[in-house]
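See structure below.
The values are calculated or read from the model by the stated rules, or taken from the named source; none is laboratory data. Only a predicted model underlies this, so the values are computations on that prediction, with no experimental measurement involved. Please note: Cβ atoms are built from the backbone with ideal geometry, for glycine as well, and neighbour counts cover all protein chains shown. Accessible surface areas use protein heavy atoms only, side chains included; no ligands, DNA or RNA. Shrake-Rupley method; radii C 1.70, N 1.55, O 1.52, S 1.80 Å.
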Amino acid sequence: MSEMKLTIEPKELWARLHGDGEPFFILDVRNAEDAARWRIEGPREVPSVNVPYFSFIDDEDGAVAQVPAGLGEAVVICARSHSSELVAEVLRAHGRRALNLAGGMAAWGDLHVPLLVHREPAFELWQLNRFGKGCLSYAVLSGGEAAIVDPSRFADVYESFAREHGVRVVEVLETHVHADHLSGGAALAARTGARYRVLEGAGHEPRLGVEVTPFEDGETELRLGGAGGISIGARAIRTPGHTPGSVSYLVGGRFLLSGDTLFVHGVGRPDLGGHVEEWGRALFSTLRDVVSRFPDEMVVLPAHFSGAREESEGGVVRGALGELRRNAPELRIASAEEFVAAMKAGVKEPPVIYGEIMKANLGLVDPGEKAAEWELGRNECAATAARRLAACG
Amino acid sequence: MNEKTLDVRGLKCPMPIVKAKKELATLTRDERLKVVASDRGSVLDFRGWAKQNPTFQLVEQREEKDEAGREVFVHLLARRS
């Protein structure tokens, strides 16, 4: 007889949200405000019920009665999985089926799922999808070498990914200084001996002891795989707007790692630095002078997504530029004035913590043990997502 | 009004509320319970809990520094009048 399963790992939950197995539902036992602010949602529509853990402490029978009985197994979640463990036990004692999400929302936000975007003899392109946060990073593999783009603060994730694929990390690239999550770029470069690249002269070079190999002005070719091996060009292209130093990487002539400049359903917010007029104009120029030259077939691979509706088959977040052109009104605006006005209309206060995160990503402050707390919740970097999605709170 | 203090620093949810419940059982009408927690999550938890509790109420919440200069969250609880 097998032992009864009591917990579910974040990775298993991701798979269940992307499959069509037996029915289950999410029982969120955090307080109502925390539960509303950051939810677990997948492409599969799964009911979500909020009954705070303290209801189970106050009135066990009453709280259990609030948990629906006909929705299948309960996956119980809370912030760090102590309260959800307690509630899952209570439910099982009442004859219900319940699994505790191991590590809670903290672990959910830290899960990185590697998804293959493209494979051909010359190179592989992987998306490391931090699903709970909505953050995306990338690995380009060629000739035994790897370039990692926009790594999260979990440098070990990329190190083990490289080990599993038998490659050496030689380049660590940033598309811009992130404000919503902590970068692991400097740490990963230091640990692997890779070059750490940011764009020169944009005032965004990390300081305080971080060694950086800057890109020169203009468009630069990167090579992976060495002179004798198979190699793939990765081109850095200035795309200011979301930040003045934003850069996109074109891989294999067709895959655009667009950072927060282009998303699958829209463009990045130019207001996070408090200069919506100036940065908005820069973004407009980027769209008009740079993005407009790219073909419809170009594959947009952004640094963020706002929900499972931006996923393609297999969970990869990707979109054809042609489709983005058809669907995103921001890309059809004809004048800079009109564009800036549209961006201004979407402005909302960025979370206060964004300033601190940006300083940390510049190497100016050390978040220390506050890192996890600073990163709670989903990112708010998309101009369109901020307007259209209630879930992007 | 007398004030009792419950130190739950270092404890994470659900323990601050579990321990507070135990203390509250013996709280008289002219006493208040001061819960000192280090977990930021306790702020919304005590607020949510008190909102639905028929017997006790949250009188005040504030952020303070403890004697070691660390950030703490203070929750003052009393019986409902």
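Looking across region A:10-37 at every residue that is surrounded by fewer than 20 Cβ atoms within 10 Å (Cβ to Cβ) and within 14 Å of chain B (Cβ to nearest Cβ), the one that is modelled with the highest pLDDT is identified as A:Ala32.
For region B:39-58, filtered to residues that are touching a residue at least 12 places away in the same chain (Cβ under 8 Å) and open to solvent by 70 Å² or more (accessible area, probe 1.4 Å), the residue that is farthest from the other protein chains (Cβ to nearest Cβ) is B:Pro54. Taken together, the criteria place B:Met1 among residues that are open to solvent by 60 Å² or more (accessible area, probe 1.4 Å), over 27 Å from A:Lys370 (Cβ atoms) and among the hydrophobic types (A, V, I, L, M, F, W, C). Going by what's in this entry, would A:Gly62 be described as within 14 Å of another protein chain (Cβ to nearest Cβ), without any contact (Cβ under 8 Å) to a residue 12 or more places away in the chain and not aromatic (Phe, Trp, Tyr)? Yes: the conditions hold for A:Gly62. The set of residues from region A:1-37 being of a type in the set (Gly, Ala, Ser), in a helix (DSSP H, G or I) and more than 16 Å from A:Asp110 (Cα to Cα) comprises A:Ala32, A:Ala35, A:Ala36. Considering A:Ser55, A:Ser83, the condition of being within 14 Å of another protein chain (Cβ to nearest Cβ), at pLDDT 95 or above and within 21 Å of A:Glu41 (Cα to Cα) is satisfied by A:Ser83 alone. List, please: which pairs have Cβ atoms under 8 Å, are six or more places apart or on different chains, and start with a residue in region A:316-342 that is without any contact (Cβ under 8 Å) to a residue 40 or more places away in the chain and end with one that is among the hydrophobic types (A, V, I, L, M, F, W, C) and open to solvent by 20 Å² or more (accessible area, probe 1.4 Å)? Pairs found: A:Arg325/A:Leu331; A:Pro329/A:Ala342; A:Ala342/A:Ile333.
Only one of the listed residues (A:Ala372, A:Ala341, A:Ala334) is open to solvent by 50 Å² or more (accessible area, probe 1.4 Å), under 19 Å from the mean Cα position of the chain (by Cα) and among the small types (Gly, Ala, Ser). That residue is A:Ala372. Restricted to region A:38-144, the set of strands (runs of 3 or more DSSP E) holding at least 3 residues that are open to solvent by 50 Å² or more (accessible area, probe 1.4 Å) and within 30 Å of A:Thr175 (Cα to Cα) comprises A:113-120. Of everything in region A:257-291, what is among the aromatic types (Phe, Trp, Tyr) and within 13 Å of A:Leu324 (Cα to Cα)? Give them in sequence order. Within region A:257-291, just A:Phe263 meets the criteria. Taken as a whole, region A:223-239 holds at least one residue that is more than 17 Å from A:Glu145 (Cβ to Cβ), at pLDDT below 85 and either in a loop (DSSP other than H, G, I, E, B) or β-branched (Val, Ile, Thr) (or both). Assess whether B:Lys22 counts as being assigned to a helix (DSSP H, G or I), within 14 Å of chain A (Cβ to nearest Cβ), open to solvent by 80 Å² or more (accessible area, probe 1.4 Å) and more than 17 Å from B:Arg80 (Cβ to Cβ). Here the answer is yes, as B:Lys22 does meet what is asked. Of the numbered criteria (1) open to solvent by less than 30 Å² (accessible area, probe 1.4 Å); (2) out of contact with any Phe, Trp or Tyr (no Cβ under 9 Å at 6 or more places or on another chain), the one B:Cys13 fails is (2). If the condition is being at pLDDT below 60 and among the acidic types (Asp, Glu), then region A:201-211 contributes only A:Glu205. A:Val198 passes every criterion in (1) modelled with pLDDT under 90; (2) touching a Lys or Arg at 6+ places or on another chain (Cβ under 6 Å) apart from (2). Looking only at region A:275-305, residues that are part of a strand (DSSP E or B) and not β-branched (Val, Ile, Thr) come to 3 in all. Any residue in region B:64-76 that is within 14 Å of chain A (Cβ to nearest Cβ), assigned to a strand (DSSP E or B) and modelled with pLDDT of 95 or more? Yes. Scan region A:260-281 and give yes if some residue there is under 21 Å from A:Ala147 (Cα atoms), touching a strand residue (DSSP E or B) at 6+ places or on another chain (Cβ under 6 Å) and either surrounded by fewer than 20 Cβ atoms within 10 Å (Cβ to Cβ) or at pLDDT 95 or above (or both), otherwise no. No, region A:260-281 contains no residue that is under 21 Å from A:Ala147 (Cα atoms), touching a strand residue (DSSP E or B) at 6+ places or on another chain (Cβ under 6 Å) and either surrounded by fewer than 20 Cβ atoms within 10 Å (Cβ to Cβ) or at pLDDT 95 or above (or both). Please determine whether any residue of region A:53-67 is closer than 30 Å to A:Glu159 by Cβ and in contact with a strand residue (DSSP E or B) (Cβ under 9 Å, 6 or more places away or on another chain). Checked against the condition, which is being closer than 30 Å to A:Glu159 by Cβ and in contact with a strand residue (DSSP E or B) (Cβ under 9 Å, 6 or more places away or on another chain), region A:53-67 yields no hits at all.
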